[in-house]
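Here the structure is laid out as structure tokens; the discussion comes afterwards.
The values are calculated or read from the model by the stated rules, or taken from the named source; none is laboratory data. Just so you know, these numbers come straight off a predicted model, no measurement behind them. FYI the Cβ positions are ideal-geometry reconstructions off the backbone, even for glycines, and counts take in every protein chain you see. We work out accessible area using only protein heavy atoms, side chains counted, and drop any ligands, DNA or RNA first. Shrake-Rupley method; radii C 1.70, N 1.55, O 1.52, S 1.80 Å.
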Amino acid sequence: MDMANEYNSSEMAIEERIRNLLTEMTLEEKTGQLNQVQWNGWEAFDALADDVRAGRVGSVINLVDRAAVDALQTIARQESRQGIPLLIGRDVIHGFHTVMPLPLAQASSWNPELVRDCARISAQEAAVTGVNWTFAPMIDVSRDPRWGRVAESFGEDPYLTSVLGAAMIDGYQTSDPASPDTILACAKHFAGYGASEGGRDYNSTNIPPNEMRNVHLPPFKAAVEAGVATFMTSFGDIDGVPASGNDWLLTDVLREEWSFDGMVVSDWESITQLCTHGMCEDEVDAALVAAQAGVDMDMVGGLYSAHLPHLCESGEISMDRIDQLVGNILRTKIRAGLIDGDRLDQHTEEPARLTALAVARQAATESCVLLRNEKDTLPLASDQISSLAVIGPMANEPAEQMGTWVFDGKSERSVTPLDAITSVLEGQAEVDFEPGLETTRSHDKTLFTRAVEAAASCDVAVLFIGEEAILSGEAHCRADITLPGAQADLVRAIRQTGKPVIGVIMAGRPLALGDVIEEFDALVYAWHGGSMSGPALADLLFGRAVPSGKLPVTFPKVSGQVPIYYGHKNTGRPPEADKVIHIDDIEKGAPQTSLGMTSFLLDAGYEPLFPFGFGLSYTQFAYSDLHIDRHEMTEKEMAIVTATVINTGTRTASEITQLYIRDRVARITRPVRELKAFRRQELAPGESVQVEFQLSVNELAYYHRDGSFQAEPGDFDIWVGGDSRADLHTSLRLLKA
Ligand code: BGC
């Protein structure tokens, strides 16, 4: 005990304390710190307690039982030789007991403060159970909606992902990660996991260096700058080198270029999988390769504890290397306030239920994107309808609306759309509920008749369709991303009634809606909105709130257009609207070169169904007066871009103004558009605002082959507007130094 107290002295500088601890530790105790084990219930408690007591465990994953956490932390602090507490990890991805919208849904709010608030509430709820580490944010740039993990991402754009990732880190950790109501964040999955080929999870990620540097790495660099405590490696095989054995990523980039001094954990058994990938001969080899590459902690694989001691004794890995890995973990524990012990002695409380639900409701509201609203079908005037048909397999499913990656969410906190609509219309109008299909995947149309009758006998039909929670998330990928089951037929059957059809899609990914979009008078994309999805939707449908979300991903018309994203390259033969021919219009025997010879699909053209950044409102916003204070600048100067946004409609609402650039000529070709800034602002009817953005050389630069970040002199296009097709244009020339 004396020794533990001595080393726990908060006066010691962190590095000195680490050195002192390392001096006292045996090799087994060191590799014990590198070992993360799974909680296997109270049945296995005694064995786990023995391991903790002997210093064979650095972290426990999936433990949310406060009594067990306390018992284990007490053993670690009082009975292990160095008294080093445990990191207790849990996937707190979008909420804990209160479930927030999916990260992809939160990204649709383009509201960093809101993303931070969601993470803050989640951290406070999780910390009460003794959890001190989450495996979030997931900041994999995701351009393939077949991949089920797109749900956990912030979408397709490196900049938006960077900003929202940093906000989420701040919400979990705050500026004082040692405070007992915080949890450490983890930037994952380093790196390029979002590029899994064909949208199939765990698949190879063949990312060329330019794409890696300019698309996949920037959010991770931003996470380091935001002070993220930990990183997690990806499952992917990046151009032949799986991430958990990738020394270029883990050492050259993360440690040397970015100076990250927190800790890196593997993904679940991803060190063991170095053998399955075909990179390592056996588990001994895998432990060695991962440790040399720079993975500090082995998530549940047990390879480090089993093999690093004898690898070190035989000289295949140096004690210095082991000390570096352990040092990263100790530093993380010290920063988290664990080794001082103060944190563990302070018990915190969950935030008030009403506070948590209010944040969840605001987040669910701002996450919804209004994609279509013919003849102002929405909002509905609740006092002018006498009956409303609520239809669809997602209308009353408390668990499904929570979405993927929910381990601790309490479905009894969910308020469904049916509950919320019924309470809004109580005493005013009849609500007739018919699911139409048992699940979103059902093909059995037996329930259609009742659903059609309900729609036919009501003033308006609102359809809650989409995907159940199980259809997205890890290892839950789809080849055909249209509405699953017989839902498209259900939509058409309801359409036949002639009643206004309002669609609400609750899903974990962008669906390809090209074949059904015309059937809806209005369409709200709600994603999986979490606990308060129902009230948020009722607020939007009845005009108590105005939609403000914008898409963080491009929506394809058909699955075969994927991957489709706004920041693509121009190609040598970009498509031109007047040269695109549809397969049905090709003349018999047409010669090879008659079809325009540009980059498009014969059956889908080249346009998406909805572009990145798009979202309607119940009001309208007009853009004008795009102005730049200089058309030429040097690297040391800054250009100020301004534009006027006016609310020309009749409702107070928020607009997300976006600024895009294009580097017209560069020796490494650049995307046709890149988001560089955005601003969310509320405007009253008739109100206008001048939005101002600053452009420095940083916004114009990109990563070159040697890893340097530089801008090339020359011309840049600039657009400002309400989505990625913004057409208000100006330009800027960067002068040679
Ligand atoms: C996932 C990670 C997750 C980990 C722990 C893995 O399968 O890829 O994202 O944090 O499991 O649950």
Quiz prompt | Matching residues, the range 146-185, being open to solvent by less than 20 Å² (accessible area, probe 1.4 Å) and farther than 22 Å from K550 by Cβ | solution = G148, I169, Y172, Q173, T182, I183, L184, A185
Quiz prompt | Pick from the range 35-76, criterion within 13 Å of the ligand (Cβ to nearest atom) and not in a loop (DSSP other than H, G, I, E, B), ranking: most open to solvent (accessible area, probe 1.4 Å) | solution = Q38
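Mind telling me which of the residues S594, S624 ends up being surrounded by fewer than 17 Cβ atoms within 10 Å (Cβ to Cβ), at pLDDT below 95 and farther than 24 Å from L513 by Cα?
Numbers: S624 fails: at pLDDT below 95.
The unique qualifying residue is S594.
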Quiz prompt | the range 258-283, subset surrounded by fewer than 21 Cβ atoms within 10 Å (Cβ to Cβ) and under 25 Å from the mean Cα position of the chain (by Cα), residue farthest from A226 (Cα to Cα) | solution = E269
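Have a look at T205, T230 and point out the one that is in contact with a Gly (Cβ under 8 Å, 6 or more places away or on another chain), farther than 28 Å from C118 by Cβ, touching a residue at least 12 places away in the same chain (Cβ under 8 Å) and within 16 Å of the ligand (Cβ to nearest atom).
Values: T230 fails: farther than 28 Å from C118 by Cβ.
Being in contact with a Gly (Cβ under 8 Å, 6 or more places away or on another chain), farther than 28 Å from C118 by Cβ, touching a residue at least 12 places away in the same chain (Cβ under 8 Å) and within 16 Å of the ligand (Cβ to nearest atom) holds for just one of T205, T230, which is T205.
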Quiz prompt | Close pairs (8 angstrom Cβ cut-off, 6 or more residues apart or separate chains): among the small types (G, A, S) in the range 303-323, outside any helix (DSSP H, G or I) and open to solvent by less than 40 Å² (accessible area, probe 1.4 Å) anywhere | solution = S305/L34; S305/N35; S305/D298
Practice problem: Scan G714, G721 and give me the residue that is of a type outside the set (V, I, T), open to solvent by less than 30 Å² (accessible area, probe 1.4 Å) and over 29 Å from the mean Cα position of the chain (by Cα). | Solution: G714
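Of all residues being more than 15 Å from the ligand (Cβ to nearest atom) and part of a strand (DSSP E or B) in the range 233-256, which is farthest from the chain's Cα centre (by Cα)? Just the residue, please. Spell out the reasoning first.
Just the residues of the range 233-256 that are more than 15 Å from the ligand (Cβ to nearest atom), to begin with: 238-241, 245-256.
Narrowing the set further to residues that are part of a strand (DSSP E or B) leaves 238, 241.
Details: I238: 21, V241: 25 Å.
Once the filter is applied, the top-ranked residue is V241.
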Quiz item: In the list R450, R492, R478, which residue meets the criterion of being among the charged types (D, E, K, R), modelled with pLDDT of 95 or more and within 26 Å of S367 (Cβ to Cβ)?
Solution: R478
Quiz item: How about the range 638-673: which of its residues are part of a loop (DSSP other than H, G, I, E, B) and either touching a Pro at 6+ places or on another chain (Cβ under 9 Å) or without any contact (Cβ under 8 Å) to a residue 24 or more places away in the chain (or both)?
Solution: T648, G649, T650, R651, T652, V672
Quiz prompt | the range 467-509, subset surrounded by fewer than 22 Cβ atoms within 10 Å (Cβ to Cβ) and on the phi > 0 side of the Ramachandran plot, residue farthest from the chain's Cα centre (by Cα) | solution = G498
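Looking at A105, is it outside any loop (DSSP other than H, G, I, E, B), more than 16 Å from the ligand (Cβ to nearest atom), aliphatic (A, V, I, L, M) and open to solvent by 10 Å² or more (accessible area, probe 1.4 Å)?
Numbers: outside any loop (DSSP other than H, G, I, E, B): yes; more than 16 Å from the ligand (Cβ to nearest atom): yes; aliphatic (A, V, I, L, M): yes; open to solvent by 10 Å² or more (accessible area, probe 1.4 Å): no.
Here the answer is no, as A105 does not meet what is asked.
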Quiz item: Across the range 315-368, which residue is nearest to M297 (Cα to Cα) among those that are basic (K, R) and in contact with a Pro (Cβ under 7 Å, 6 or more places away or on another chain)?
Solution: K333
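Could you pull out the residue among V415, V406 that is within 21 Å of the chain's Cα centre (by Cα) and either under 30 Å from V452 (Cα atoms) or open to solvent by 10 Å² or more (accessible area, probe 1.4 Å) (or both)? Give the derivation first.
Values: V415 fails: within 21 Å of the chain's Cα centre (by Cα).
Only one candidate qualifies: V406.
Would you say L338 is of a type in the set (A, V, I, L, M) and assigned to a helix (DSSP H, G or I)?
So L338 fails the test.
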Quiz item: All but one of (1) surrounded by fewer than 18 Cβ atoms within 10 Å (Cβ to Cβ); (2) within 16 Å of the ligand (Cβ to nearest atom); (3) not small (G, A, S) hold for E79; which doesn't?
Solution: (2)
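Condition first: of a type in the set (D, E), closer than 26 Å to E15 by Cβ and touching a residue at least 60 places away in the same chain (Cβ under 8 Å). Can you find one or more residues in the range 249-258 that meet it?
Within the range 249-258, the subset of a type in the set (D, E) is 252, 256-257.
Subset that is closer than 26 Å to E15 by Cβ: 252, 256-257.
Then keep just the ones that are touching a residue at least 60 places away in the same chain (Cβ under 8 Å); that gives 257.
So far as the range 249-258 goes, yes, one or more of its residues are of a type in the set (D, E), closer than 26 Å to E15 by Cβ and touching a residue at least 60 places away in the same chain (Cβ under 8 Å).
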Practice problem: Take the range 120-151 and flag every residue that is closer than 21 Å to A107 by Cα, in a loop (DSSP other than H, G, I, E, B) and within 15 Å of the ligand (Cβ to nearest atom). | Solution: F135, A136, P137, I139, D140, S142, W147
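Collect the residues in the range 263-294 that are outside any helix (DSSP H, G or I) and within 16 Å of the ligand (Cβ to nearest atom), keeping them in residue-number order. Break it down stepwise before answering.
So in the range 263-294, the residues outside any helix (DSSP H, G or I) come out as 263-272, 278-282, 294.
M263, V264, V265, S266, D267, W268, E269, S270, I271, T272 - these are the residues of the range 263-294 that are outside any helix (DSSP H, G or I) and within 16 Å of the ligand (Cβ to nearest atom).
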Practice problem: Specify the residue that is nearest to I339 (Cα to Cα); the eligible residues are those in the range 162-192 that are away from the ligand (no atom under 14 Å from the Cβ) and small (G, A, S). | Solution: A178
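Looking only at residues in the range 82-102 that are assigned to a loop (DSSP other than H, G, I, E, B) and within 15 Å of the ligand (Cβ to nearest atom), which one is farthest from P158 (Cα to Cα)?
To start, the set of residues in the range 82-102 that are assigned to a loop (DSSP other than H, G, I, E, B) comprises 82-86, 91-94, 96-98, 100-102.
After this cut, where a residue has to be within 15 Å of the ligand (Cβ to nearest atom) as well, the list is 91-94, 96, 102.
Numbers: D91: 23, V92: 23, I93: 19, H94: 20, F96: 27, L102: 18 Å.
Within the range 82-102, the match that is farthest from P158 (Cα to Cα) is F96.
Could you look through the range 152-161, keep only residues that are assigned to a helix (DSSP H, G or I) and under 9 Å from the mean Cα position of the chain (by Cα), and pick out the one that is nearest to the ligand (Cβ to nearest atom)?
Step one: list which residues in the range 152-161 are assigned to a helix (DSSP H, G or I), which gives 152, 158-161.
Among the residues that remain, those that are also under 9 Å from the mean Cα position of the chain (by Cα) are: 152, 161.
Working: E152: 8, T161: 16 Å.
Looking at the filtered set, the residue picked out is E152.
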Self-check item: Failed condition for S196, given (1) among the hydroxyl-bearing types (S, T, Y); (2) open to solvent by less than 10 Å² (accessible area, probe 1.4 Å); (3) more than 16 Å from the ligand (Cβ to nearest atom)
Solution: (3)
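Has the range 445-467 got any residue that is away from the ligand (no atom under 16 Å from the Cβ), of a type outside the set (A, V, I, L, M, F, W, C) and under 20 Å from G534 (Cα atoms)? Even if it seems obvious, please write down each step before you answer.
Kept after step one, since they are away from the ligand (no atom under 16 Å from the Cβ), are these residues of the range 445-467: 445-467.
In the following step, the residues that additionally are of a type outside the set (A, V, I, L, M, F, W, C) were identified as 445-446, 449-450, 453, 457, 459, 466-467.
Cutting the leftovers down to under 20 Å from G534 (Cα atoms) gives us 466-467.
Yes, some residue in the range 445-467 is away from the ligand (no atom under 16 Å from the Cβ), of a type outside the set (A, V, I, L, M, F, W, C) and under 20 Å from G534 (Cα atoms).
Condition check ((1) out of contact with any helix residue (DSSP H, G or I) (no Cβ under 6 Å at 6 or more places or on another chain); (2) buried (at least 22 other Cβ atoms within 10 Å of the Cβ); (3) within 25 Å of V150 (Cβ to Cβ); (4) without any contact (Cβ under 8 Å) to a residue 12 or more places away in the chain) across all residues:
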{"position": "V524", "(1), (2), (3), (4)": "yes, yes, yes, no"}
{"position": "G543", "(1), (2), (3), (4)": "yes, no, no, no"}
{"position": "G549", "(1), (2), (3), (4)": "no, yes, yes, no"}
{"position": "P556", "(1), (2), (3), (4)": "yes, yes, yes, no"}
{"position": "G560", "(1), (2), (3), (4)": "yes, no, yes, no"}
{"position": "I581", "(1), (2), (3), (4)": "no, no, no, no"}
{"position": "K588", "(1), (2), (3), (4)": "yes, no, no, yes"}
{"position": "L601", "(1), (2), (3), (4)": "yes, no, yes, no"}
{"position": "G605", "(1), (2), (3), (4)": "yes, no, yes, no"}
